[in-house]
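This report refers to the structure that appears directly beneath it.
Readers should treat all values here as calculations from the given coordinates under stated rules, not as data from a laboratory. Fair warning: this is a prediction, and the values are worked out from it, not measured in the lab. Every residue, glycine as well, gets a Cβ built from its backbone with ideal geometry; the counts of neighbours run over all protein chains shown.
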Amino acid sequence: MMKAERRLRVGLLGGGPIAQIAHFDALHKARNAELYALCEAAPDLRARMSTVHAPTVAYADYAEMLADPRVEAVLIGIADAYHVPRALEALAAGKHVLVEKPLGVSVEEVEALRDRVRQRQLILQVGNNRRFDPGVAFARDFLRSEVGALLAFKAWYYDSTRRYTMTDNLQPIPVLSESAQRPSGNPKADKRRYFLLTHGSHLVDTARFLGGELIAVRARRLERAGAYCWFVDVDFASGALGHLDLSVPVRGDFEEGFQIHGEGGSVQGRAALPWFHKSSVVEAYSEADRQYRRPLGEDAHTYKLQVEGFADTILNGTPQHGANVDDGVAAVRALVAIARSAESGEWVRLSEVTGTV
């Protein structure tokens, strides 16, 4: 695709693994955005990534990058604990923000960020890239135009014991640095929390994107043989009943999927690993003409598509397709509610939760 004459100048915060396997490539290939600046505190990593990816300018200090008037937006691709603080600093500097999911790790911090976004009237988008999967986007449009009132919603997310065998073949070998900034402790050591934040954030956002607002959940959790499983009953604001299944890792293939039934039809879909850049396989049935539809998603580089959508909203005023700050807050509330319910075994209303996952 030809590059647009006017491209959003993006400053990428972080040159670590997620930048190397997703965001550098997305920014290079996006039709309407460019990697203008890179900020990476580790000197060796900054030098290596600057040589490979050739930003116009590279910074060691985040404040210096934010002070650069040429930087119009910041893509935050660092550890979860830093998402909200760095996003707040970007907003204070007048920059738009695309931040990796989850938006944050506590209800209180993401709500404070939402308040700041509203005050500054800037665009903040959360990196729930599955919204830009052509199959998922088609499913949402079909649900709205053909299916109408929903009855039953099921969605699942299965990470696999074999997943890293596949992703190691698909992704570039990440360059690491001993000087990289890391949160205190090891966030990945608490697997129960890490899996819910990392993988559950995808599942919850897909449920909200396709099924609408979640108002209450009741969760059960099982930990066995190094695997973690959450079965979650969901009450949707629409009155539909839902079930979410998060199992990490399964002894089998990676899979995300959904099955939705409603007044005017049904939709089902299955997604592969996003690194294949292949659209979800979606089949949609309409009762109106008793026909199935199966769309072909010819461009499913969801990391690139989310950057393009972000840039279109900023440059052209296109309605925001990606997850906005309200979506990010609602997702964190859902994750906290699932964690609370898994401990108590009781129904938990999202509007009543506080604290962290």
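Worth pointing out:
- The largest-to-smallest principal axis extents of the Cα set in the chain are 54, 45, 44 Å.
- q = 0.12, 0.22 Å⁻¹: log10 I(q)/I(0) that the Debye formula gives for the stretch 232-343, counting C-alpha atoms only: -0.65, -1.35
- Here the gap between residue 70 and residue 162, fully extended at 0.36 nm per residue and compared with their Cα-Cα distance, gives a gain of 28.8 nm.
- Over the chain, DSSP H runs of length four or greater, each weighted -39,500 (n - 2.57), average out per residue to a 222 nm ellipticity of -10000 deg cm²/dmol.
- Note, ³J(HN,Hα) from phi for the stretch 251-266, Karplus 6.51, -1.76, 1.60, rounded to Hz, x at Gly and Pro: 8, x, 7, 5, 7, 10, x, 7, 9, 9, 10, x, 4, x, x, 8
- As computed over the stretch 1-160, the Cα convex hull volume per residue (Å³): 174
- GluC sites (Glu not before Pro), loop per DSSP, at most 15 other Cβ atoms within 10 Å - longest free stretch of the chain: 6-177
- In straight-distance terms, cross-link reach from residue 154 covers every one of the aspartates and glutamates whose alpha-carbon lies under 16 Å from its own, apart from those fewer than eight places away in the same chain; here that gives 205, 213, 233, 235, 245, 255, 256, 263, 283.
- In the stretch 207-257, trypsin sites (Lys or Arg not before Pro) in a DSSP loop with at most 16 other beta-carbon atoms within 10 Å: 251
- Full extension of the chain between residue 293 and residue 316 yields a length gain of 5.1 nm, computed as 0.36 nm times the residue separation minus the alpha carbon distance.
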